[in-house]
Amino acid sequence: MNYTYQNIDLILTEPRDGCSALSNNFEFQNNIALIDRGGCSFLSKCIQAERSGLLAVMICDNDVFNDDQYIDMVDDTTKRTCSIPALFILGKDGFMIRKNLDTYNMMRAIINIPINMTYILPHEQKKPPWILW
C-alpha cells in the first residue's frame with residue numbers, strides 16, 4: 001500500500017502525552033496529531049486520537065536527544081483496537097518540530113506524509129537533515 005496524505009495539518013495535542021481525552025479535539029477532524037511518548041500505552045494514545053477524529057497519530061520519543069534508536073510500538077494486550085495509522089518518530093525529530101512551531105508561534109504545521117507499507121529496513125530509510133548518517 002502506497003499513498004500520501006497531502007497538505008494535512010500536524011496538530012500539537014493537549015495533553016501532550018495524549019493519554020486522556022484531548023482538550024483541543026475541535027482542531028483534529030481529518031488531521032494528524034503529534035503526541036509525546038510516555039504516560040500510557042501506544043494503543044491508548046491511538047484510541048484517544050481516533051476518538052478525536054484524527055486521520056493518524058505521530059508519537060515522538062520523549063528523549064529529545066534520541067536521534068538513532070527506533071522502538072517497536074507493541075500492543076498492550078488489552079484486546080482493544082485502533083484503526084488509524086500510528087507512527088513513531090525519534091525524540092530529536094519531535095523536538096525539532098515542536099521547536100520550530102514554538103519559534104513561529106504556531107500550533108500546527110502543514111505536512112505531507114507518505115504511507116509506505118513496503119517494510120523498508122530502518123538503516124535503508126531516508127532521514128531528516130539534522131540526523132547524522
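The values are calculated or read from the model by the stated rules, or taken from the named source; none is laboratory data. Since the model is a prediction, treat every value here as computed from it, not as a measurement. We place every Cβ from the backbone using ideal geometry, glycine too, and count neighbours over all the protein chains shown.
Residues of region 90-133 that are surrounded by 10 or more Cβ atoms within 10 Å (Cβ to Cβ), among the β-branched types (Val, Ile, Thr) and either at pLDDT below 80 or closer than 18 Å to Cys40 by Cβ (or both): Ile115, Ile120, Ile131.
Within this structure, Gly39 fails the test of being closer than 15 Å to Thr13 by Cβ, at pLDDT 90 or above and out of contact with any Asp or Glu (no Cβ under 6 Å at 6 or more places or on another chain). Just name the residue that is nearest to Ile47 (Cα to Cα) out of those in region 70-84 that are of a type outside the set (Val, Ile, Thr) and touching a helix residue (DSSP H, G or I) at 6+ places or on another chain (Cβ under 9 Å). The selected residue is Cys82. Residues of region 4-50 that are out of contact with any strand residue (DSSP E or B) (no Cβ under 8 Å at 6 or more places or on another chain), part of a loop (DSSP other than H, G, I, E, B), farther than 20 Å from Ile113 by Cβ and not hydrophobic (A, V, I, L, M, F, W, C): Glu14, Pro15, Ser20, Ser23, Gly38, Gly39, Ser41.
Taking every residue in region 31-42 that is at positive phi and free of Cβ contacts under 8 Å to residues at least 60 places away in the same chain and pairing it with any residue that is surrounded by 21 or more Cβ atoms within 10 Å (Cβ to Cβ) and small (Gly, Ala, Ser), at least 6 positions away or on another chain, the pairs with Cβ-Cβ distances below 9 Å are Gly39/Gly18.
Counting just the residues of region 60-87 that are exposed (fewer than 13 other Cβ atoms within 10 Å of the Cβ), closer than 19 Å to Cys19 by Cα and among the polar types (S, T, N, Q), which one comes out modelled with the highest pLDDT? In this case the residue turns out to be Thr78.
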